[in-house]
Structure formats: C-alpha cells, structure tokens
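This report refers to the structure that appears directly beneath it.
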Amino acid sequence: MIRFPRFAVRLAGVLLAVLPLAATAMPPTADDIASIKHMFGFDELIRIAVDRAFDAKHFSQFDETQLACIKQAMAPVFNSRIDEAFARTFVSHEYVGDWQKFADTAGGGKFMGFIQKGMAAVGEGLPPPPMSDLAPQLSEDELAQVNTFMQTPAAAVVSKGMPDLELKLTPEMKAALIADTKQRCSISLDETVLH
C-alpha cells in the first residue's frame with residue numbers, strides 16, 4: 001500500500017467550495033494530468049513513494065538491476081490509478097488550463113514553487129513550510145494575483161483536498177504484476193511482497 005502525504009490539503013483553507021461544471025466540459029487529457037502533477041510537485045513525490053513501497057525486508061533478495069525492473073513493471077499500474085484520481089479532482093481540461101495560466105503569472109509561479117518545495121520536503125520526511133511563510137515572499141501585485149485566482153472555480157476544485165492516493169493492489173493487479181515481472185524481469189515474485 002502507498003499512502004501519500006496530504007501537504008496540499010493545507011490549501012483548502014484559502015479555497016472556495018467546489019462549483020458545478022457544465023456537463024459539456026472536456027475532461028483532463030493525459031498531458032493535463034502530467035502537467036498538474038508536476039505543478040504541484042506530485043511527480044517527484046510519487047517517485048519517492050514508489051521507491052519507499054519496496055520494503056527492504058521483503059525485497060532484500062533482489063539486486064539493484066532486478067529491483068529497477070520490478071519498479072518499471074509496477075510504475076504503470078500505480079500511475080494509472082493516480083492519474084484517475086487527479087482527473088477526478090481537477091474535473092476538466094479547462095480548469096487545468098486555468099491552473100497553467102495561473103502558474104505562468106509572477107504570483108502563481110511563486111505560489112506553485114512554494115508548493116513544490118513543500119512536497120519535496122515531505123518526500124524527504126521533513127515538515128513542509130507553513131503557508132504563512134509564502135505571503136512575505138510576494139509583492140503586492142503578486143499577492144493580488146494569488147488572491148484573485150483563489151476565488152475562481154478552477155482553484156475551488158482542491159477545496160476538498162488533493163486526491164487521496166492511498167493505493168492497495170487488488171488480487172487481480174498482483175496476479176498481473178507477478179506475470180509481468182516473470183516475463184519482463186525473469187523473476188518469480190512472491191505475492192506476499194506486494195502490499
């Protein structure tokens with residue numbers, strides 16, 4: 001099982017409730033999801049979490065080459081479910097575009113950079129900096145850009161928190177991974193090491 005830290009949930013205090021979106025909205029694309037994960041620093045956090053999922057006690061019988069092959073086989077399984085969670089949270093292609101435009105502003109760039117640093121800290125097992133540390137780093141115009149964006153429907157999608165990325169492999173997923181690692185890595189993976 002992988003459980004990701006919830007640093008980004010701290011944003012909830014400054015965001016509005018989720019607003020309804022027109023039924024005709026285009027869902028986020030694969031590129032949208034990759035972009036939003038990067039903007040929030042989840043791409044690196046996910047990589048660290050997947051690495052930590054390989055408990056040394058359970059995987060000590062494999063050398064570095066074998067472990068790399070196993071991780072390569074497992075990554076698409078976890079990433080597909082993670083991407084589904086982000087797609088549900090960010091709702092639409094349009095909302096992701098709004099976040100991208102915000103990140104391109106001076107204030108938005110500093111805001112997202114602050115979030116990324118917080119995610120990196122969490123990935124290293126350190127406490128993230130409090131959101132109150134951000135405001136002194138912003139000029140008056142930059143703070144206005146952040147405050148204006150936080151009143152938009154696109155910002156509101158994270159008011160209920162970032163995706164809950166507690167993932168547990170189903171029996172079917174375990175069976176598929178065991179078969180894949182046997183074919184791809186020439187390794188007979190015991191189901192008990194997949195938690």
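Residue by residue, here is whether (1) modelled with pLDDT under 75; (2) assigned to a loop (DSSP other than H, G, I, E, B) holds:
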{"position": "Met162", "(1), (2)": "yes, yes"}
{"position": "Lys174", "(1), (2)": "no, no"}
{"position": "Leu177", "(1), (2)": "no, no"}
{"position": "Asp180", "(1), (2)": "no, no"}
{"position": "Arg184", "(1), (2)": "no, no"}
{"position": "Leu189", "(1), (2)": "no, yes"}
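Of the residues making up the range 27-50, those that are farther than 12 Å from Met112 by Cα, of a type outside the set (A, V, I, L, M, F, W, C) and within 10 Å of the chain's Cα centre (by Cα) number 3. Per this entry, Phe54 is counted among residues that are over 16 Å from the mean Cα position of the chain (by Cα), at pLDDT below 95 and of a type in the set (Phe, Trp, Tyr). If I filter the range 87-104 for residues that are small (Gly, Ala, Ser), modelled with pLDDT of 90 or more, part of a loop (DSSP other than H, G, I, E, B) and over 22 Å from Pro127 (Cα atoms), do I get at least one hit? Checked the range 87-104: at least one residue is small (Gly, Ala, Ser), modelled with pLDDT of 90 or more, part of a loop (DSSP other than H, G, I, E, B) and over 22 Å from Pro127 (Cα atoms). In the range 123-136, of all residues being within 25 Å of the chain's Cα centre (by Cα) and assigned to a helix (DSSP H, G or I), the one that is modelled with the lowest pLDDT corresponds to Gly123. Of all residues in the range 67-80, none satisfies being of a type outside the set (Val, Ile, Thr), modelled with pLDDT of 85 or more and within 19 Å of the chain's Cα centre (by Cα). Remark: pairs (first residue in the range 65-90, among the polar types (S, T, N, Q); second residue at pLDDT 85 or above and in a helix (DSSP H, G or I); Cβ separation under 7 Å; 6+ apart in sequence or on different chains) = Gln66/Cys185.
The values are calculated or read from the model by the stated rules, or taken from the named source; none is laboratory data. On a predicted model such as this, the values are computed, not experimentally measured, just so you know. Positions of Cβ are backbone-derived with ideal geometry, glycine not excepted, and every protein chain shown enters the neighbour counts.
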